[in-house]
Amino acid sequence: MPRVLVVDDEAAIRRALRDILEFEKYDVVEATNGTECLVKLKQGKFDVIVLDIKMPQMDGMDALDRIGILSPETPVIMISGHADIDTAVESVRKGAFDFISKPLDLNRLLITLRNALDKSTLIGEKKALQKKVNRKEAPKMIGKSEGLTKILATIEKVAPTEARILITGPNGTGKELVARQVHKQSSRAKKALIEVNCAAIPTELIESELFGHEKGSFTGAAQQKSGKFEQADKGTLFLDEIGDMSLSAQAKVLRALQENQITRVGGTKDLNVDVRVLAATNKDLRVEIAAGRFREDLYHRLSVILIEVPALNDRRDDIPLLIDHFNRQICKEYGVVPKKWEDKVIAQLQELNWTGNIRELRNVVERLLILSNDSVTLADVQQFVLPSAAAPAKADSLQQLFQQFDTLEDLQVYIQQEYQEHQPV
């Protein structure tokens, strides 16, 4: 039975609407004002809300604004006996599905309810289809190397649990793919996976992004906003690059993990959240803890399970499989037939130094597909890949040279000696 929330301060109108709607097979819940309406909305979901405008404590227009934040997809039918055309236009502008004047035309009300339910059903079907498409398009982890096999075996064991997981590894190795696989194989797979790149959010905004904020809590906070923890309720929250999070935000994340509660920025009310947290970093958090940049207690909360994703240089056996995967994927995006790759090309690419890991490999595959002719040849690699691949190798050799010396003076002495030895006689 469709659930309808009837909000009106007049008991006679609520009683009449209940009798009519229950006769039409609706499940009816009553509220006497806007404040009670919001309480009912937080307690349960409704398919349609019938909302009066003139009410004590909180009127219908204010309640409509709050409904737009709490449940923006729920259709709201506004009713009033003291309204004019301006009020009707204003309510629709604020997001109301329709406006009906009192005394109510019951036929029009029932037709409007059916139309609102149709809209609600379409929105639900759209969301279900989007989730279905997203699950189908979830990226796979490609490879058969020993390191990847161990990761997949670990995911299979820990994904069905509620254990928190810390995923480590260099940039570009696919740490986010590990998080998505964990979510996909967990009991929370039907709920949202919310991803947050902690390094991409300014320090002064990270707390608002994670925990939300109240209206007016800081300059620019024009309205109340829910944070990523609330959006991930009953689902999974993936905190990427958590090593870049500020200490103040770390403290709040720790509280959320300990008590399953958060507080919006500028707010005083504790909000309960049920979230499984996965985290990832390319930093050594032990070093960050020693330097005072990361909380040790948060580290232990996050690292119930540790998964280290190996660099591409440590899983070169997977490069042929990855090239084949990217070849088919990229050619599909461009609407062309996948190209053939010479065996010598793949062998050559396996020998390169992949400092950018899988992300760099994908870029190279896309470059070769665009610039090559009917097939990818060794000449294409030598022309379009090797010149750019040589630069990182040189940089790596210089870095290794610098690491041999404890001080700048030692390095200067070494350079002077080398210069004297190679001076022409």
* For A116, state whether it is surrounded by 14 or more Cβ atoms within 10 Å (Cβ to Cβ), farther than 19 Å from V4 by Cα and touching a strand residue (DSSP E or B) at 6+ places or on another chain (Cβ under 8 Å). => no
* **Unique match (being more than 25 Å from F294 (Cα to Cα) and of a type in the set (D, E, K, R)) among K190, K175** => K190
* Pair list, Cβ under 9 Å, 6 or more apart: the stretch 1-13 residue within 17 Å of F97 (Cβ to Cβ), other residue aromatic (F, W, Y) -> P2/Y26; P2/F46; R3/Y26; R3/F46; V4/Y26; V4/F46; L5/F46
* Restrict the check to the stretch 25-38 and report whether at least one residue is over 30 Å from E230 (Cα atoms), over 29 Å from the mean Cα position of the chain (by Cα) and surrounded by fewer than 18 Cβ atoms within 10 Å (Cβ to Cβ). => yes
* In the stretch 3-16, how many are open to solvent by less than 40 Å² (accessible area, probe 1.4 Å) and within 42 Å of the chain's Cα centre (by Cα)? -> 6
* To do: Kindly indicate whether D318 is part of a loop (DSSP other than H, G, I, E, B), surrounded by 15 or more Cβ atoms within 10 Å (Cβ to Cβ), of a type in the set (D, E) and touching a residue at least 40 places away in the same chain (Cβ under 8 Å).
  => no
* State all residues of the stretch 209-225 that are under 20 Å from K269 (Cα atoms) and surrounded by fewer than 21 Cβ atoms within 10 Å (Cβ to Cβ); if no residue qualifies, say none. => E209, E214, K215, G216, S217, F218, A221, A222, Q223, Q224, K225
* **Cβ-Cβ under 8 Å pairs, at least 6 apart or on other chains, the stretch 71-85 side open to solvent by 10 Å² or more (accessible area, probe 1.4 Å) and of a type in the set (S, T, Y), far side at pLDDT 80 or above and in a loop (DSSP other than H, G, I, E, B)** => S71/K45; S71/F46; T74/K45; T74/F46; T74/D47
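The values are calculated or read from the model by the stated rules, or taken from the named source; none is laboratory data. From a predicted model like this one, the values you see are computed outputs, not experimental measurements. Heads up, the Cβs are rebuilt from the backbone with ideal geometry, glycines too, and the neighbour counts pull from every protein chain shown. Heads up: the accessible areas ignore ligands, DNA and RNA and are worked out on the full protein's heavy atoms, side chains in. Shrake-Rupley method; radii C 1.70, N 1.55, O 1.52, S 1.80 Å.
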